[in-house]
Structure formats: C-alpha cells, structure tokens
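*Asks:* Okay, handing you the structure first.
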Amino acid sequence: MKVRDNARRIQPGPLEYTRQAWMRMILLATFVFLYTPIATLVAFSFNDSRRNIVWRGFTTKYYEKALANDGLIEAFVNSLSIAFVSTFISIILGAMTAFMLWRFRFPLKPLYEGAVTLPIVIPEICMGVAMLVFFARIGWPTGLPWPLNLGQIAIAHVSFSFPFVAVVVRARLASFNPEIAEAARDLGAGEWAVMRDAVIPHMRPGLLAGGLLAFTLSLDDFVITFFTSGPESVTFPVKVYSMVRFSVTPEVNAASTVLVVITVTVTALALWIQNKQSSEARG
Amino acid sequence: MTGDLGSENRTPADKAIIRINSLSKNFGTIQAVDGVSLEIQAGEFFALLGPSGCGKTTLLRMLAGLETPSAGSIIIDGEDMSRVPANRRPVNTVFQSYAVFPHLSVLDNVGYGLKVTGIRAVEVRDRAEAALDLVKLEGYGARMPDQLSGGQRQRVALARALVKRPKVLLLDEPLSALDAKLREAMRHELVNLQETVGITFIIVTHDQEEALSMADRIAVMDRGCVRQVAPPAQLYEFPANRFVADFIGSVNLFEGIVSAVDGAEMTVQAALLAAPLRISQDKGFAPGTRVWVAIRPEKINMTKLGVGPALRLGDDNQVEGIVEEITYLGDFSTYHVRIARPTGLVKVAAANFDRATLRPFTWEDRVVLRWNSNSGVVLDS
C-alpha cells in the first residue's frame, strides 16, 4: 500500500506533463527554436555597428534613423491604412459569407463553400500573378493620389483575408443555439432585430478573432502585395525587402522590431478584450 | 359518467381562444402533423402529449409561427394567424433550451420583448421587474444568465414570455431539463402561475404524469394525429382507443369477439382467457365485433388460490395464474401473472398496505385474479 502511494507521488498523472523533465526540455527547446530569431532581431536593432554581424555596443540611433526615413514611414502608414481598410471589408464580407453558409441551403452549396476557402490554399505567388494580370487587364488606373493608389493592394488583401474571417465565423456559428434566434423572433423581433440582438452577439468573438487574423495577414503580406504595388504605393514589407537588397543594417532591424511590437500589442489587446467580455458574461 | 369525471377539473369558460382547422405539416415526404383539428378554450391549461416524433412540437411551433403550415388554418382569438410571422402573433413561447440571451442581464432578457417593440425604457423596466417578481426572481435583475441555475434560467424564460401578456403561452417540454424533485415543484408552480395570470397555457410533453397532473385537458397525439382529447381522469379511465389506453399508464389488453349483448352488459370471448369477460358498455357493439378489453393493473384484485371466495370454473371476470415477476416500487408493487390457457401475462398492481407482510405474494404463488364488470373499457380501434 505504502509503496503504491509513493509510486503514485513520483509518477505524474496524465495531465501533469510539465512535471516530467523531458517534457520540460521539449518545451524549452520549442521556445528557443521559435523565439531566438526574433530575440536576435530585436537585440541587434540596438547594435552600434553598420555591418550588423558583430555586437559593438548599445545604441538607439537606428531607431532615430528609421523614424527619420521618410520612405520607411510612408510605407508604414500605407501598410496600416491598407490593413485597416481591408480588415474592415473582410470582416463584413466574411461574416456575411459565414452567415449565408450557415443559414441557407441552396444548390451547389458544397462547391461554393469550397470556392470560398480556395484563396486560403492557393499558392500566394499564383494569387499575386493573377492579381497583376487582372488589374492590368481591366485597366485599373495608376498614378492616383494617395490613399486611392492603395486601392489595388487593399482589394487584393480583402480577396485573400476574408475567407479566413468566413471560416472562423462559420465555426463560431456552428455553436449557435437556433432557439435563441427563434426566441427573439417570438418576442417580437423582425429579421434585422434578430440579427442584431441574437446572431451578431454570438458571432462577436469570431468577428474579433477573424478580424485580427485578417489584420496581421494584411500587415505582413509580401508576395501578393509585391505584384500589386506600384512605385508610389510601397508597403512596409516591400520597403524592408528593398532595403535588405542593399544591406542588412540595424535600421531594418529597428523597423522590424516596431512591427513586431505593434503586432504583439494588437494581438494582446484583442485577447484582453475577448477575455474581458467572456469574464463579464461569466461575472 | 364521463361528464362527472371531467367536472373535477376547472371548467373553462366556453370561448375558444385557439381554433385549429385540419392543420397539416409535412417535411418532404414526412407527414409531421396530419390534419389536426382542435379547439382550445380561453384560460385553459392544455397539454399536447405523445411519444417523441408524434408531431406535438411541430404543432406547437406552428402555433408560435416558427413553422408554416402545409395546409389548414390557425385562428387565434378570432383572427386567422396561419400566415402571420412569429413576431406579430399574440403568442409567446418558453423554449425547451430556455434560449435565454447569454449576453443580456436577467432584467434585459425579460424586458427584451417590450424593448424590441418600441416601448419606453421606464415602462420596460417596471414591467420586467414585475414579471421577475411573478416568477419569484426579485433581486436577480442584474445577474447574467450563466450565474443562474437551470431552474432559475427557466424562470427567466417564463418571465420573458409572460411580460408581453400574450393571449396564449406555449411551453415546449419546459420541465424535461430539471431534476425530479425540482420538476415536481415546478409543476405546482406552473399551475399556480397559470391561475394567477389567467393566460391560456399550452404545454408540450412526452411525460404523461406531467400532463395528467397539470392540464385541464390533454390531447394525445400519435404519428401526426390527435387520438383523443379529454380531461386527465377521463383519458385514463375511458381511453378512446388502444393507443391511448396503452400510452397513458399501464394496461392489460385482451383481444376478443363480442359473443353476447344483454342490455348494458356484454360478454366478450377473449382468446387469452378461459372464461368469458363480462363488461358494462354503452357503445352498442353488435355481437361478432372484434374488440379489445382494456383493464388497468390496479383494477385487478389478486388473492392467493384458496384464500377468499373459491374459484368456480367458468365464472366470468376471473382467472387463475402463477406469479412470475414482482417489481417492488415502494408505494405499490406490480406483478406479472402468467395465466394458463393459452399462455399469456397479466399485469397486476397492488398497493403495499401493510409493512408487516413485506411480501404478500411471492414468486410461483398460485393466485386468482378478479375484476368488476365495470372496470374494463371496450375498444374497437
């Protein structure tokens, strides 16, 4: 009896993975593998050296340099503008697509469902080339004043990010109790009020998660953007790429670090809002 | 006789609040509701009872406006509502899952039906609070639904449906998600609530006990059709057909042929029983008719062979058998008695009067079963 008690104490339970040394090692290795490159990027953005290979001491001058680089700032503002606009449109289109797929039955629905998710699996390079050909073929005007010159990129971004929103929201809707909508209807709500008071509140976490996904996808997309951006409409990733072609200076690191910080902050904020909402609902 | 049994329930005012005329609903090739006609009186507590898949929920959903009838009409308080959408019917529903809005507080849930129809916020608040008092949830207004127990959530659903003062309240299996004790308490509470508010209640249930204990009248449904509409006692004592007899409670059905009719009594030669059955009847069956005699287990008197009046061979309404199975249920026991010619089982229920004699009967006991000629019901369908 005593022996068995001891054995139980030493042998971790099925859910106590982290008590096993080898499991901890794997966890640690995973973190190292995932985050060393990013940590290096951040660390070397403070490196006082032009060549950026050897550590020469701490400085913040490359941040100042990056902030003073008009081309970089312009690209950054372009990227954020495109991300906001394309996210907004993606959320609306994605939510509507998800709602339609959830609510209605129509002929060729499986085909349609597949077609909607196609942009997720199509290689980006094909999408990029397709966009380039498409905009050239329809004669999309070039040389428009800012922000209209970002139109093609925003449209391209919507086309590959709204399926993500649709997939996430569709999954969320699967857990919707149709009696909730029926109850709203029974209590006097018309179609729109049912949508507003019963369906959309349930969709909300999906909209948030999908929107976040769309935002980050748009912000860091390179391939498709590269094919749809003109000389006047450069986004941040495209700009960084062109800078790297000359030399990898700490300025690039600094700019990239700012992007990492923004992405992490937005994600953390979204998670925080979501947590707050669900804990409010729970009390 | 049947009228007497009915009058122990409250007699509703003779005014039909709902008239259902040969209403049908089919989903593809499945006929969910098949030509149902019903009249439900104002202020009545009405139950739709039947096994799962009998169409009772579909019928309720058509009353609520959540399904469109394939044929027939629904008239609510004199107005044809067959094609009126759910949000414009003077009817509210308590859903099986309660369907309380998870993102709204209790008070906002209850006030929703008023708010969405454009009633002033102050009035919404007052009426929602009054409705919460009615279901004994005063002081719970600020809570969120997931801070409530299942029973409390159901009260929220009730208050939310009653706050609009509907002409009819529909309840879809409202007690099925509660545990046994709470269910019994809620039964009484629902009946009291209905008396307080005076609104017509229509409840859907598959639980006969629920229907018998709460409803003024019950419609028993089977495969989309209404098989009988009657007050509980009449339904139990005078079922109209084999389905109702068998569905409500437990019953012994003896198939036989009417062999002789003598005024108010007739004799049935049952295949299962050696002796003929003698039964009071007022249905005027002709000799030769194929009938079923339904006798409830508790209406059969069981004595040990040799105790009490002796069994005389050929006597009517009695039969000899052997106790084969005993189910002890606390307040009473049920026995399966095997009778001899040809072999068949009869169900007998006997109250456990005496604690001292724990087992008045035991397995393999030879017993005599007797019943009165007015205990059985003769059915021809």
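*Asks:* Residue under question is B:Leu59, and the condition is that it be in contact with a Leu (Cβ under 9 Å, 6 or more places away or on another chain) and more than 14 Å from every other protein chain (Cβ to nearest Cβ); does it hold?
*Replies:* yes
*Asks:* Quick one: is A:Ala66 in contact with a Leu (Cβ under 7 Å, 6 or more places away or on another chain) and either assigned to a helix (DSSP H, G or I) or at pLDDT 85 or above (or both)?
*Replies:* The answer is yes for A:Ala66.
*Asks:* Further, regarding this structure: Being exposed (fewer than 15 other Cβ atoms within 10 Å of the Cβ) and within 14 Å of chain B (Cβ to nearest Cβ), is that true of even one residue in the range A:254-276?
*Replies:* Yes: the range A:254-276 contains one or more residues that are exposed (fewer than 15 other Cβ atoms within 10 Å of the Cβ) and within 14 Å of chain B (Cβ to nearest Cβ).
*Asks:* Looking at A:Ser86, A:Ser45, A:Ser79 in this structure, which one is modelled with pLDDT under 90 and surrounded by 14 or more Cβ atoms within 10 Å (Cβ to Cβ)?
*Replies:* Exactly one residue qualifies, and that residue is A:Ser45.
*Asks:* Taking A:Glu179, is it in a helix (DSSP H, G or I), within 14 Å of chain B (Cβ to nearest Cβ) and acidic (Asp, Glu)? Give the steps one after another, and end with the answer.
*Replies:* Numbers: in a helix (DSSP H, G or I): yes; within 14 Å of chain B (Cβ to nearest Cβ): yes; acidic (Asp, Glu): yes.
Yes.
*Asks:* Mind checking which strands (runs of 3 or more DSSP E) fall wholly inside the range B:262-381 and carry at least 2 residues that are under 28 Å from the mean Cα position of the chain (by Cα) and modelled with pLDDT of 80 or more? Full working, then the answer.
*Replies:* Values: elements: B:265-270, B:277-280, B:290-295, B:301-304, B:318-328, B:332-339, B:344-351, B:366-370, B:377-379.
So the answer is B:290-295, B:318-328, B:332-339, B:344-351, B:377-379.
*Asks:* Can you say whether B:Tyr112 is within 27 Å of B:Thr205 (Cβ to Cβ) and either away from chain A (no Cβ under 11 Å) or surrounded by fewer than 23 Cβ atoms within 10 Å (Cβ to Cβ) (or both), as far as the supplied structure shows?
*Replies:* Values: within 27 Å of B:Thr205 (Cβ to Cβ): yes; either away from chain A (no Cβ under 11 Å) or surrounded by fewer than 23 Cβ atoms within 10 Å (Cβ to Cβ) (or both): no.
Taking the combined requirement at face value, the residue does not satisfy it.
*Asks:* Could you list, in sequence order, the residues of the range B:146-172 that are touching a residue at least 40 places away in the same chain (Cβ under 8 Å), within 13 Å of chain A (Cβ to nearest Cβ) and more than 16 Å from B:Gln96 (Cβ to Cβ)?
*Replies:* B:Asp146, B:Leu148, B:Ala159, B:Leu162, B:Val163, B:Lys164, B:Pro166, B:Val168
*Asks:* Here's something else I'd like to know. Please report, ordered by residue number, the strands (runs of 3 or more DSSP E) entirely within the range B:131-247 with at least 1 residues that are more than 30 Å from B:Ser24 (Cα to Cα) and in contact with a Cys (Cβ under 7 Å, 6 or more places away or on another chain). It would help to see each step written out before you state the result.
*Replies:* Numbers: elements: B:168-172, B:200-205, B:217-222, B:225-230.
Here the list is empty.
Yes/no matrix, rows are residues, columns are (1) of a type in the set (Ser, Thr, Tyr); (2) surrounded by fewer than 17 Cβ atoms within 10 Å (Cβ to Cβ); (3) within 21 Å of the chain's Cα centre (by Cα):
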position	(1), (2), (3)
A:Pro110	no, yes, no
A:Ser159	yes, no, yes
A:Val167	no, no, yes
A:Arg172	no, no, yes
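*Asks:* Of A:Thr18, A:Thr59, A:Thr30, A:Thr40, which residue is among the polar types (S, T, N, Q), at pLDDT below 80 and either out of contact with any Gly (no Cβ under 8 Å at 6 or more places or on another chain) or over 16 Å from A:Glu251 (Cβ atoms) (or both)?
*Replies:* Exactly one residue qualifies, and that residue is A:Thr18.
*Asks:* What is the number of the single condition among (1) of a type outside the set (Lys, Arg); (2) surrounded by fewer than 24 Cβ atoms within 10 Å (Cβ to Cβ); (3) within 12 Å of another protein chain (Cβ to nearest Cβ) that B:Val91 does not meet?
*Replies:* Failing condition for B:Val91: (2).
*Asks:* Just to be sure, is A:Met243 within 14 Å of chain B (Cβ to nearest Cβ), part of a helix (DSSP H, G or I) and under 28 Å from A:Ile155 (Cβ atoms)?
*Replies:* Against the criterion (within 14 Å of chain B (Cβ to nearest Cβ), part of a helix (DSSP H, G or I) and under 28 Å from A:Ile155 (Cβ atoms)), A:Met243 does not qualify.
*Asks:* Looking at (1) exposed (fewer than 13 other Cβ atoms within 10 Å of the Cβ); (2) out of contact with any Pro (no Cβ under 6 Å at 6 or more places or on another chain), can you tell me which one A:Leu150 breaks?
*Replies:* (1)
*Asks:* Just to be sure before I move on: is A:Ala66 among the small types (Gly, Ala, Ser) and under 23 Å from the mean Cα position of the chain (by Cα) in the structure I sent? Before you say what the answer is, go through the steps one by one.
*Replies:* Values: among the small types (Gly, Ala, Ser): yes; under 23 Å from the mean Cα position of the chain (by Cα): no.
Against the criterion (among the small types (Gly, Ala, Ser) and under 23 Å from the mean Cα position of the chain (by Cα)), A:Ala66 does not qualify.
The values are calculated or read from the model by the stated rules, or taken from the named source; none is laboratory data. Quantities reported herein were computed from a predicted structural model and do not represent experimental measurements. Neighbour counts run over all protein chains shown; Cβ positions are idealised from the backbone, glycine included.
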